[in-house]
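Working notes, beginning with the structure itself.
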Amino acid sequence: MAAMRVTVVGCAGTFPGPDSPASCYLLEAEGFRLVLDLGNGALGTLQRFAGLFSIDAICLSHLHADHCVDLGAYWVARQYTPDGPRPPIGVHGPRGTAERVTEFGGEGLAAVQARFTFRDLEPGTTEIGPFRVTADHVNHPVETFGFRVEHAGWRLAYSGDTGESDALVRLAEGADLLLCEASLLDRPHNPPNLHLTARQAAEHAARAGVGQLLLTHLVPWNDRDLTLAEASQAYRGPLSLATSGLVLGPGAPLGAPPAAGPGAPPPAGR
Ligand SMILES: [Zn+2]
């Protein structure tokens, strides 16, 4: 697989919805699979698109449960497979990620660290498999990172959870696709420095000059049509709402007919 392929596994914000788990995105290129966030319910749906043990690395934007709680379930899967425990894979997250996963049901820190190699995220650029990943702090009550992921000249930006953020605009500058949270609708008393409204997400996309905008972290109690309508007032490029199973990438732009099938079939025997 030469070009990057982005699969929306989970796009529900704050808690899972009837049609989608919480935040999770599968990035694939050159046979390498990187998972961005692993929120409530995501481990189940992820298996529709990738073999359970075919994941090569995981990147967590922050440690709120709707972005990372299924890493506890994934620890159980990697620990107790009938063939014996699986070798550790890299988990890139904020400081304290290992301790957080231990809270989710791991059997102590050492046991969790035996299945995952934790690396503290810092602002800056690192290589994860074939991907060039740039992280920066965004605007949320706990330490939270947004990401820019580049491969073969194609650029994805992901907001994580954030209120209004110049760092997000920098990460998304000229990106081919911005995957941006839109947790809120325009209301008079939205809390500051927490989440973006759909309109604010669109304003960030316009400022960054992105090629396409996919709104995500969609809270199930919000009206989807209203979310799209409010965003469309501030961003004139290709714009859509995320759905679980949506596949995007250099060969699959927003608005293209859906690709055949539910995504890549899981590799045999894994
Ligand atoms: Zn959050």
Sort out for me the Cα centre separation of segment 163-215 from segment 16-63, rounded to whole Å. 22
Highest-fluctuation residue, G251, G13, G84 considered, GNM on the chain with Cα pairs under 10 Å: G84
Under a GNM of the chain (C-alpha, springs under 10 Å), which listed residue has the highest mean-square fluctuation: T102, T81, T125? T81
Considering only protein heavy atoms, with the full assembly of protein chains and a 1.4 angstrom probe, order R33, R5 by accessible area, largest first. R5, R33
Stick to the Cα atoms of the chain, pair each with every other, and give me the Kirkwood hydrodynamic radius in Å at one decimal. 18.3
Keeping all protein chains in place, calculate the accessible area per residue for the chain (probe 1.4 angstrom), answer in Å². 40
In degrees between 0 and 90, to the nearest 10, how far off the longest principal axis of the chain does helix 198-208 point, with axes built from Cα atoms? 90
Ignoring everything but the protein chains, give the 1.4 Å probe accessible area of T144 in square angstrom, nearest 10. 0
Determine the calculated [θ] at 222 nm for the chain from helices alone, applying -39500 (n - 2.57) to every DSSP H run no shorter than 4 residues and normalising by the residue count; nearest 500 deg cm²/dmol. -6000 deg cm²/dmol
How much solvent-accessible surface does R119 expose, in Å² to the nearest 10, with a 1.4 Å probe and all protein chains in place? 120
Separation between the T117 and E103 pseudo-spin-labels, each 7 Å from Cα along Cα→Cβ, expressed in nm? 2.7
Would you compute, for the Cα atoms of segment 70-181, the largest minus smallest coordinate along each principal axis and list the three values in descending order, in whole Å? 46, 33, 20
Can you give the Rg and Dmax of segment 1-121 based on its C-alpha atoms, in angstrom? 13.4, 39
Measure nothing but the geometry: give the 0 to 90° angle between the long axis through the Cα atoms of 70-80 and the longest principal axis through the Cα atoms of the chain, rounded to 10°. 20
For q = 0.24, 0.31 Å⁻¹, Debye-computed log10 I/I(0) when each Cα of segment 5-44 counts as one equal scatterer: -0.68, -0.95
At 7 Å along the Cα-to-beta-carbon direction for both L226 and N190, put a label point, then send me their distance in nm to one decimal. 1.2
Give the whole-number value, in cubic angstrom per residue, of the convex hull volume spanned by the C-alpha atoms of segment 160-220. 72
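The values are calculated or read from the model by the stated rules, or taken from the named source; none is laboratory data. Small disclaimer: the values here were computed from a predicted structure and weren't measured. Every residue, glycine as well, gets a Cβ built from its backbone with ideal geometry; the counts of neighbours run over all protein chains shown. Accessible surface is based on the protein model in full, side chains and every heavy atom, while ligands, DNA and RNA are left aside. Shrake-Rupley method; radii C 1.70, N 1.55, O 1.52, S 1.80 Å.
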